[in-house]
Structure formats: structure tokens, C-alpha cells
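Step one of this worksheet: look at the structure below.
Coordinate-derived values only; no laboratory data. This structure is a prediction, so every number in the text was calculated from the model and none was measured. With ideal geometry, Cβ positions are generated from the backbone for all residues, glycine too; neighbour counts draw on all protein chains shown.
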Amino acid sequence: MIKWFIDKSNKMPLYLQLKDLIKYYISTGSIQDSHQLPGVNKLAQELGINFETIRKAYKELEKEGLISMERGRGTFVTLHKDFIPKTTPKRDLELEPVGTFKHIMRRLLQADKNLEEVKKIIDQAFHEISLESSSQFIIFTECNALQINEISKLLKDYLNLDVKPVLIKDLKNEVQRASMEKKKLLAIVTTGFHMNEVRNIIGDIPLDIHLLITNMSPETRRQLESFDNDTRFGLICRDKESLPLYNDLLKAELSHDLKLSSCVLEERLKVNHILTSVNVLLITPAVYEEIKKKAPSDLLIFNILDKVDTISLKLLKDRIFQQLNSYKL
């Protein structure tokens, strides 16, 4: 269940708080593609703020291409609004690869080709596709080495394409380098937390930027739910703006009585206190590697964004291969 909240005592403008909250929910998969957001007046009443604040947050998200405000219908998440799935028969390459090739071969034989000629045609097609695949790649970018390495490997295996892991700070140089090389950069993939940052870095360069959603795996959730009520939890993340969101969401998802101490990485004294006083430590990927070095060896540590959403992954694959097919037309 989505929990709507803002901190009126926070110096951060209310519309930005709401905007970041919605982006967080989208990034973690709590709000998915085509999800309808609450009406402006309804959400304003629930949060006890002016409806213009809600409208401003929605308008900002609409400019970023994350939602669509449709008059008379409502406001919807539109992560993949430019993707139009192609209708395909059940007998496709994914479901019946052998049957599909046999069908193609029979058609060639019916067109007065012999088996040896058909084999040459297939070998030539295989050779050309191999060359195309070797000259194309995508970039996965994030702010931390843990995610860029793990998710890049996942994408490489899943897409069967070359995937280059790049830190956000190095993205601009990598894109410029790609424009001078023979290999073609197909797209850039990142998580929802960095969509705006990547868009700003890319600027006017005609490159597709795709969103990948990460969230907590069922295995991690089960382990966290197994701890008793006396367990002392700690939470460390990178950004101060995200900390209240993580605090409230973890308590909502695990237990309202959760004993949780939290801070951001730059608060060194608080970090040290948490590392020596809690039973279980919850951390985000952005701080994972640094905290692992500092934490006691016997402290239980969980990455709370340790899974790539499968629907998000499937949509990404569809969009990448739609893009590849468009190049061949």
C-alpha cells in the first residue's frame, strides 16, 4: 500500500518533497507503469496542503516524462509511453526457435533453393548479425561500483549485448568517447534515482535513456521479517533528502514498531555509533562498499535495493530490441 507523507518542518519545498517521494516509489517499483496517482484535490486533502502544491509536483514530473496528466481521466505513470509493443504470433523465436527456423527453411526450399543454398543463407545471416552485435553496446550508469558491476553483468547476460558499466561521474567522457569510436552506443540505462542527472549530462545528444527499477528482494524481506521485536536496526544511506523516505517506508513495510536508528554517510559520528550499537544494518547500494569496509565483521548487513524488478527488465529488453529492429528497416 502506498503511503503518502511530507514533512512540513523540513526546509525543502513541499512540492519537491512530494515529487521526490513519487520518484522514489517509481524507482523501487512500488508505483509501476500505468499506475494511477491520486487526484490533486484528494491528495491535497490527505496531506493537509494546498492543491496547487500537488499540481506543481505533478507538472514537474510530467515535464520529466514520468507521468501524464489526462484531463477527465486522471494522472498516470508513463515510464514507457513511447513503447508500442508489436503483436506477434505465438509461434515466435522465443517460444519455438526450432519451429520458426524450420518454417523459414521450408519457405526457402519452396522458392527453388536447395538445402546447401539455404545453409549458406543462414550462415550469412548469422555472420551479419554477429558483426552487428559486436559493434553495438549500451551503458549502464549509477553512482556506485556495486550496482554498475552487478547490474551490467545481469543486463549483458539477459540482453546478449555488450554492456559497459560507467559511474555517473564518468558518463560524459564515456559518451564523448563513444561518438569517436566505431562501436555504436545504443542507449543509456540507469535507475530512477539518476534519470534527471543522466538527462542533464546527455543534454541534446540524441540518445535513448531507459529506466531500470530496483527494489528489495523477497529473500531479503523474509530475512528482515524473521527478526524479533527487540532487534535493533540501523539504516545508512547517501542523501539526506532520501533518509525520511527510507525511514517511513521501512517501518511501514516491516513493522511500525521497528527500532530503527538512521543517518547519512557524511554524518561520521552517527555512522560509527550505528555500526557499534545495532544488531542488523540496512544500507543502500550507494554506500554499500564503504560501509562494508568499516562495519564489524560479525554485523549482519542487508542491501535494501538488491533486486532488479523483472517487469522493468522485460520492458527494457522489449524497448532495446524494438530499437535494434528499427535500425534494420
(request) Based on other C-beta atoms within 10 Å, arrange T28, T141 from fewest to most. (result) T28, T141
(message) At 7 Å along Cα-to-Cβ for each site, give me the label-to-label distance between I122 and L108 in nm.
(response) 0.7
(request) Would you mind computing, in nm to one decimal, how far apart the modelled labels at K293 and H35 are, each placed 7 Å from Cα along Cα→Cβ? (result) 3.5
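Explain nothing, just the number: relative contact order of the range 218-304, from Cα pairs under 8 Å at least 6 residues apart, as a whole percent. Display every interim value, and only then the final one.
Details: 117 pairs, mean separation 29.9, N = 87.
Relative contact order for the range 218-304 comes out at 34 percent.
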(request) Assuming a ≥ b ≥ c are the square roots of the Cα gyration tensor eigenvalues, decide whether the chain counts as rounded (a/c under 1.5), prolate (otherwise, with a/b larger than b/c) or oblate. (result) prolate
(message) Defining a contact as two alpha carbons under 8 Å apart and six or more residues distant in sequence, what relative contact order in percent does the range 176-271 show?
(response) 22
(request) Counting other beta carbons within 10 Å of each Cβ, put F126, F140, F321 in order, fewest first. (result) F126, F321, F140
(message) Cut-off 10 angstrom, C-alpha nodes, Gaussian network model of the chain. Which of L155, L21, L249 fluctuates the most?
(response) L249
(message) Using the basic label-point model (7 angstrom from Cα toward the beta carbon), what is the H273 to I202 distance in nanometres?
(response) 4.2
(request) For the range 40-74, run through the trypsin sites (Lys or Arg not before Pro) and keep only the ones in DSSP coil with at most 11 other Cβ atoms within 10 Å of their Cβ. (result) R71, R73
(request) Go ahead and set up a Gaussian network model of the chain, Cα springs under 10 Å, then flag whichever of S255, S152, S242 fluctuates most. (result) S255
(message) Taking loop as defined by DSSP and a crowding limit of 11 other beta carbons within 10 Å, which GluC sites (Glu not before Pro) in the range 176-229 fit?
(response) E181
(message) Take the residue pairs K270/K292; K3/K63; K120/K156; K293/K317 and return only those whose Cα atoms are more than 27 Å apart.
(response) K120/K156; K293/K317
(request) For the range 1-35, state which trypsin sites (Lys or Arg not before Pro) are in a DSSP loop and have at most 16 other beta carbons lying within 10 Å of their beta carbon. (result) K3, K8, K11
(message) Which of I138, I2 has the fewest other C-beta atoms within 10 Å, and how do the rest follow up to the most?
(response) I2, I138
